[in-house]
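Colleague: Before anything else, here's the structure in question.
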Amino acid sequence: MSIQETYYQQQNKFLFSNSKLFSNLRKDLLKKFELPSKYNKNNESLKHLDRNILKFSYKYNNESNKINFINHDENKINIDITDGKISQVENQHKETLHINNIDSKDTSVEDRFLDFQKLFNEDYVVHLNSLMLNSGYELIVNENKDANIFLTNDISEKDLTIFQKNLISCGKNSKVKIIEEYVSDKPSNNNVVNFLQIHEGAEVIHLIFQKNIEKANFQSTSYANCHKNTCYKQLTLNISKGSVRNHHYANLLGQNSSVSLDGIFFASANQIIDNKTEINHNCPNSTSRQRYKGILTDHARASYLSKTYVDKIAQKTEAYQLSKGILLSDDSSFHSKPELRIFADDVKCSHGSTIGPIDKDLLFYLRSRGLSKKNSLSLLIKSFFHKIISDVHDKSFVEKFNYHSNIWLKENSI
C-alpha cells in the first residue's frame, strides 16, 4: 500500500486529525510524496536512506494517555515510554519536572508542531512523521532545577508503526542529564522527532542508546535551540541490527553557547546507517563540535553528512567537524561529506575525515608483542572510540557501551 493510500485509510486515527491547520499541512506534505522520484533523487533525507523504511503497513493502538506515577523518593527519574506514549513515571518531583502525553485537544502543542515543521522543508522522514503522527509527550524541567532523567522506550507488540513528536524544555539555569534508551526485540518501525529548548544558562547532557533487532527499523531526528550561556552535549550510540537514521540539528542562538553532536555506530550484514548533523551559528562567541565514528563489516553501508553554518554576525565562532570510519571488509562502505558555510571572517573552523581499513602497521606491532590477531583488532577498535567515550562522565552508560560493543565484536568474529 502506498503512503497516500495508507494516509487516507488511517487519517482519522492520527493526532490532530480534526485540526484544519494540521489537515492543510498534511495535504501539502502528501503532495511531496506524489512527486516523481527524479525530483528528489538528490534530496539529503532520501539519498542514503534505506527506502524500505517508506514501505510499511500502518498499525497502531490508540489507547489511553493515562500515566502511572510512582514515588520512591529517589533522585533518578525513570520514565517508561510504551509505543511513543509515557506509561509510567518513577520519582517525579513536581517542583522540578512537568510531564504529559500529547493530546489532540492541546492547541498550544499543535501550534508549536506547526512552527517546528517549517524547519524541515525537504526532510521526507520528518514529513512522514507529521503525516502519520500518532503519539508523543512533553517534558519540562523547571528553571534552576537539576534533573537526572532516564527514558526507556518499549514497543508492546510486533509490526507497530510509531510516529512520535516530543517536546523537551530545559528551564533557565537548569542542569539536566537525559539518557534515552531504544531497545526493541519486535519487528516494527519507530519514527521519533525530538524538539529541545535549552534556555539561558542551562546545561544539558543527552545520551542516546539504540539497540534494535534486524527488523526493527528506527529513525531519530532531533532539533535543539540553544540560547545564551547554554551547553548542550549529545552522544548517540547505535548498536542496532536494523536500518537506522540519525539526523540531529542544533541552533546556537545566544552568546557563549556551545553544542556537541557526537555519534558512534556499528554496522554489519546488509545494514544501512544514515547519519547527519547540522549546527547553525547565529550569534557571536559560540562553539560547536561534530564527531561521528563507525565500524563496518560485511556488506554494511553508512553515510555521514556534517554541516556547519556561520552567520555573518557570528564572529568569534569556533567549529570543529570529524568523521572517521574503519572498514573491516571489502564490501562495506562509508560515505562522508563535511560541509562548511562561513559568512563571518573572525572564526576558527576545521574539519577532517578518514575512512579505510584497519591500520596494518599497528596491527603488526600489537601482534609482534604477543597479542593474537583477534585481541589486537579488538584493542584497536576500542582505542578508535576512546576519545569520544572518555568525554562521557556517566559510568553506567560507559559500561553499557563496553558491554554491548564487546558482544558486537564477538558476534562478528572480531
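Readers should treat all values here as calculations from the given coordinates under stated rules, not as data from a laboratory. Predicted model, so just to flag it, every value in this text is computed and none were measured. All Cβ positions, glycine included, derive from the backbone under ideal geometry; neighbour counts span all protein chains shown.
Colleague: Counting Lys and Arg as +1 and Asp and Glu as -1, each charge on the Cβ, what is the dipole of the range 170-238 about the Cα centre in debye, to the nearest 20?
Modeller: 140 debye
Colleague: Separate question: If Lys and Arg each add +1 and Asp and Glu each add -1, what is the summed charge of the other residues whose beta carbon sits under 13 Å from the beta carbon of VAL109?
Modeller: -3
Colleague: How do VAL109, VAL126 rank when sorted from fewest to most other Cβ atoms within 10 Å of their own Cβ?
Modeller: So the ranking, lowest neighbour count to highest, is VAL109, VAL126.
Colleague: Label 7 Å along Cα→Cβ of ASP115; the range 207-240 residues with amide nitrogen under 20 Å?
Modeller: 222-230
Colleague: Follow-up question, since we're still on this one. Do the alpha carbons of any pairs in LYS145/LYS211; LYS118/LYS276; LYS66/LYS145 sit beyond 28 Å of each other, and which pairs?
Modeller: LYS145/LYS211
Colleague: Taking the Cα centre of the range 98-188 as origin, work out the dipole magnitude from +1 charges on Lys and Arg Cβ and -1 charges on Asp and Glu Cβ, in debye rounded to 20.
Modeller: With only Lys, Arg, Asp and Glu charged at Cβ, the dipole is about 280 debye.
Colleague: Still on this model: For LYS410, which aspartates and glutamates qualify as cross-link partners when the Cα separation must be under 12 Å and same-chain residues fewer than eight apart are set aside?
Modeller: Partners found: none.
Colleague: Given the rule -39500 (n - 2.57) for each run of at least 4 DSSP H residues, summed and divided by the residues of the chain, what is its mean residue ellipticity at 222 nm, to the nearest 500 deg cm²/dmol?
Modeller: -6500 deg cm²/dmol
Colleague: If you don't mind, another one. Which one, ILE70, SER2, ASN24, projects farthest toward the positive side of the charge dipole computed for the chain from Cβ point charges (K/R +1, D/E -1)?
Modeller: The listed residue farthest towards the positive side: SER2.
Colleague: OK, next. Kirkwood Rh over alpha-carbon pairs of the range 68-181, then Stokes-Einstein at 37 °C and 0.692 mPa s: what D in µm² s⁻¹, rounded to an integer?
Modeller: The calculation lands on 216 µm²/s.
Colleague: Here's something else I'd like to know. Please work out how much length the chain gains when fully extended from SER108 to GLU399, using 0.36 nm per residue of separation minus the C-alpha to C-alpha distance, in nm with one decimal.
Modeller: Roughly 100.7 nm would be gained on extension.
Colleague: Can I ask one more? Excluding ILE70 itself, calculate the net charge of residues whose Cβ lies under 12 Å from the Cβ of ILE70, where each Lys or Arg counts +1 and each Asp or Glu counts -1.
Modeller: Taking every Cβ under 12 Å from that of ILE70, the sum is -4.
Colleague: With only Lys, Arg, Asp and Glu charged, each at its Cβ (+1 for the first two, -1 for the last two), find how big the charge dipole of the chain is about the Cα centre; round to the nearest 20 debye.
Modeller: 1000 debye
Colleague: Using only the Cα atoms of the range 361-414, construct the convex hull and provide its projected area averaged over every direction, in square nanometres to one decimal.
Modeller: About 4.0 nm², averaged over all directions.
Colleague: Same structure, new question: Which of the GluC sites (Glu not before Pro) found in the range 186-268 are in a DSSP loop and have at most 14 neighbouring Cβ atoms, other than their own, within 10 Å?
Modeller: GLU214
Colleague: Using 1/(1 + (r/R0)^6) with R0 = 25 angstrom and r between the beta carbons of MET1 and ASN61, what's the FRET efficiency to the nearest 0.05?
Modeller: So the FRET efficiency works out to roughly 0.85.
Colleague: Let me ask another. Along Cα→Cβ, 7 Å out, is where each label goes; now give me the distance between the ones at GLU200 and ASN68 in nm to one decimal.
Modeller: Going from the GLU200 label point to the ASN68 one covers 4.2 nm.
Colleague: Now a separate question. Relative to the compact globular guide of 2.2 N^0.38 Å, what is the alpha carbon radius of gyration of the chain, as a ratio?
Modeller: Expressed relative to 2.2 N^0.38 Å, the Cα Rg reads 0.98.
Colleague: Suppose R0 equals 35 Å. What FRET efficiency, 1/(1 + (r/R0)^6) with r the Cβ-Cβ distance, do TYR320 and ASN173 give to the nearest 0.05?
Modeller: So, using R0 = 35 Å, E works out to roughly 0.85.
Colleague: Just name one of VAL192, ASN375, GLN315: the one whose Cα is farthest towards the positive end of the charge dipole of the chain (beta-carbon charges, Lys/Arg +1, Asp/Glu -1).
Modeller: Result: ASN375, furthest along the dipole toward the positive end.
Colleague: Using Cα-Cα distances under 8 Å and only pairs 6 or more residues apart, what relative contact order does the range 3-360 have, in percent?
Modeller: 10 percent
Colleague: Which FRET efficiency value, to the nearest 0.05, do you get for ASP298 and LEU30 by plugging their Cβ-Cβ distance into 1/(1 + (r/R0)^6) with R0 = 25 Å?
Modeller: 0.10
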